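One structure below.
What follows draws every value from the coordinates through simple rules; no lab data is involved. Only a predicted model underlies this, so the values are computations on that prediction, with no experimental measurement involved. Using ideal geometry, Cβ is built from the backbone for each residue, glycine included, and neighbour counts are taken over all protein chains shown.
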Amino acid sequence: MPLVLGIDPGSKRTGYGLVAREASRLRFIAAGAVTTRVNAPLPFRLHQVFEGLQEVIARYAPDQVAVEDIFFAKNVRSAVRLGHVRGVALLAAAAAGLPIFEYPPASIKMAVAGYGRAEKQQVGLMVKNILNLTGDIQEDAADALAAAICHLNQTPSLTGAAQ
């Protein structure tokens, strides 16, 4: 049963979601977000993200990691911060020796909603449908679950062994 950790990097909240493949279906394992103190200096927030993702990796022992790639942002400062958070997420996965796969936001949206420019709400609804979830799911966690789903859909023969 291959287990994929999806990560949606963010400087305020970094979403994570774990999805497993069981035969031909996908199964929800866990999801949440590493929330940082907004008023804290960036290095402190990056450390919080790193430690939070290390805890998730230690607790669930995923086989692979799927991370949302950088997108072009209008605000350069926000894009740079996002790049720092992505780097920390990649470092946490690499430190654990996990294979890392990166997907552009449009590919992730296409994989779950069938449209590369789908709105966040639409992605969240499709994630809930694909994984048979009820109730509300945090936006960042839904995006992370979408990254994991995208990866599992890209690698249908994934056996759980490191590639």
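Computed over the range 94-150, the alpha-carbon pair-distance distribution with 5 angstrom bins reads 4, 20, 31, 20, 12, 8, 5, each value a whole percent. Stretched out straight at 0.36 nm per residue, the stretch from residue 24 to residue 47 would grow longer than its current Cα-Cα span by 4.5 nm. Under 10 Å, Cα contacts only: if you run a Gaussian network model on the chain, which one of 119, 68, 102 comes out with the highest mean-square fluctuation? Fluctuation is largest for 119.
Result for the chain in a Gaussian network model with C-alpha springs under 10 Å: among 48, 64, 121, the largest mean-square fluctuation is at 121.
Across the range 17-33, computed HN-Hα scalar couplings (Karplus, 6.51 cos²θ - 1.76 cosθ + 1.60, θ = phi - 60°) run x, 10, 10, 10, 9, 10, 6, 9, 10, 9, 10, 5, 10, 6, 7, x, 8 Hz from first to last residue, x flagging Gly and Pro.
Tell me the net charge near residue 2. Cut-off is 15 Å between Cβ atoms, residue 2 excluded, with +1 for each Lys or Arg and -1 for each Asp or Glu. Around residue 2, the charge tally is +1.
For the range 40-123, a Kirkwood radius taken over Cα pairs fed into Stokes-Einstein (37 °C, viscosity 0.692 mPa s) yields D = 232 µm²/s. Helices that extend 24 Å or more along their long axis by alpha-carbon positions and average at least 1.0 on the Kyte-Doolittle scale are, among the DSSP H runs of the chain, 76-95. Taken about its Cα centre, the chain carries a charge dipole of roughly 340 debye when the Cβ of each Lys and Arg holds +1 and the Cβ of each Asp and Glu holds -1.
Here the scattering of the chain is modelled by Debye summation over its C-alpha atoms, one equal scatterer each and no solvent; at q = 0.11, 0.13 Å⁻¹ the log10 of I(q)/I(0) is -0.39, -0.55.
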